[in-house]
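Before any comments, here is the structure.
The values are calculated or read from the model by the stated rules, or taken from the named source; none is laboratory data. This structure is a prediction, so every number in the text was calculated from the model and none was measured. Glycine also receives a Cβ, built like all others from the backbone with ideal geometry; neighbour counts cover every protein chain displayed.
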Amino acid sequence: MSNQTPELIEDLRDGILWVTFNRPEARNALTFAMYERLAAICATMPTDGSVRAMVMSGAGGKAFAAGTDMTQFRAFETAQDALDYEGRIDAVLEAVERCPIPTIAAINGACTGGGGSIAAACDIRIASASLKFGFPIGRTLGNCLAAGNLARLTELIGAGRVRELIFTARLIQADEALACGLVSEVLADEVALMDRAAELATLVGSMAPLTLRATKEAMRRNRAASKVQDDDLITLCYMSEDFRIGMEAFLNKRKPEWTGR
């Protein structure tokens with residue numbers, strides 16, 4: 001089975017669903033349509049054994065996905081716009097986590113912003129040596145990550161490292177990602193990465209499906225039990241003067257001058 005769209009490619013081969021973010025000219029920056037399609041794929045995943053694992057990757061050889069397409073933020077006018085956006089992203093990430101089959105992020109190159117969030121929501125992450133992972137929003141947009149997103153990242157790499165990454169806007173490279181448990185393997189290049197992704201997907205797809213499904217859901221529930229209210233924090237950032245400054249500076253390739261307002 002093969003289904004292709006301009007921005008997201010789906011290809012089912014030998015029981016493995018390959019999902020490719022396909023906007024290489026924009027380093028696979030994610031449009032709302034791409035987010036929604038990914039959520040729909042995960043929400044409608046069959047459990048009859050026809051699909052045993054899913055691998056996500058990015059087209060073009062330079063990026064897994066470099067965050068949300070920022071041009072979409074220009075339409076934000078009210079606090080509700082910001083809350084709706086973060087709610088939409090949270091629903092997508094939850095759909096990835098709730099996907100009833102194992103999910104593998106095969107990360108080559110840049111994996112930032114929304115791309116990093118999607119990778120973090122997958123069950124397993126492997127990377128090539130060119131990995132650059134992070135959330136440089138303190139340098140670029142001046143927005144924030146939702147509390148649920150921060151909790152997911154904290155579970156993976158620890159609270160101290162999450163704070164340091166966001167406060168410094170630096171990107172984790174492959175050796176550090178392996179050392180801190182963000183990824184489980186680092187491969188030499190993209191070819192080796194995709195070969196290993198196929199091997200790993202075949203392996204995990206051969207395991208008892210109910211065991212994997214129960215483990216995924218139990219771990220999701222453990223974190224969901226501590227979900228907190230963060231509407232005020234989202235509104236604080238997205239409705240700020242700094243967010244507008246950061247967005248326009250990034251889109252026009254200049255350095256923002258923050259005001260703190």
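Key figures
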read-out	value
From Arg213, Arg244, Arg170, Arg161, residue being at pLDDT 95 or above and over 25 Å from Lys132 (Cα atoms)	Arg213
The lone exception for Ile118 - which of (1) of a type in the set (A, V, I, L, M, F, W, C); (2) without any contact (Cβ under 8 Å) to a residue 60 or more places away in the chain; (3) surrounded by 19 or more Cβ atoms within 10 Å (Cβ to Cβ) it fails	(2)
Per-region count, the range 154-177, residues closer than 17 Å to Ala110 by Cα and touching a Ser or Thr at 6+ places or on another chain (Cβ under 8 Å)	3
Restricting the range 204-249 to residues that are touching a residue at least 60 places away in the same chain (Cβ under 8 Å) and of a type in the set (Lys, Arg), the residue that is surrounded by the fewest Cβ atoms within 10 Å (Cβ to Cβ)	Lys227
Residues being surrounded by 14 or more Cβ atoms within 10 Å (Cβ to Cβ) and under 25 Å from Asp90 (Cβ atoms) - total across the range 10-50	24
Tally of residues being hydrophobic (A, V, I, L, M, F, W, C), within 20 Å of Thr140 (Cβ to Cβ) and outside any loop (DSSP other than H, G, I, E, B) across the range 223-239	4
Criterion: under 20 Å from Thr44 (Cα atoms), crowded, with 21+ Cβ neighbours inside 10 Å and of a type outside the set (Asp, Glu) - qualifying residue of Ile101, Ile126, Ile107	Ile101
Search result, residues across the range 187-203 that are under 14 Å from Ile104 (Cα atoms), surrounded by fewer than 19 Cβ atoms within 10 Å (Cβ to Cβ) and either aliphatic (A, V, I, L, M) or under 18 Å from the mean Cα position of the chain (by Cα) (or both)	Met194, Ala198, Leu203
Unmet requirement for Ala75, which otherwise passes all of (1) without any contact (Cβ under 8 Å) to a residue 12 or more places away in the chain; (2) in contact with a Cys (Cβ under 7 Å, 6 or more places away or on another chain)	(2)
Residue in the range 55-66 that is out of contact with any helix residue (DSSP H, G or I) (no Cβ under 6 Å at 6 or more places or on another chain), over 26 Å from Leu131 (Cβ atoms) and touching a residue at least 24 places away in the same chain (Cβ under 8 Å) present	no
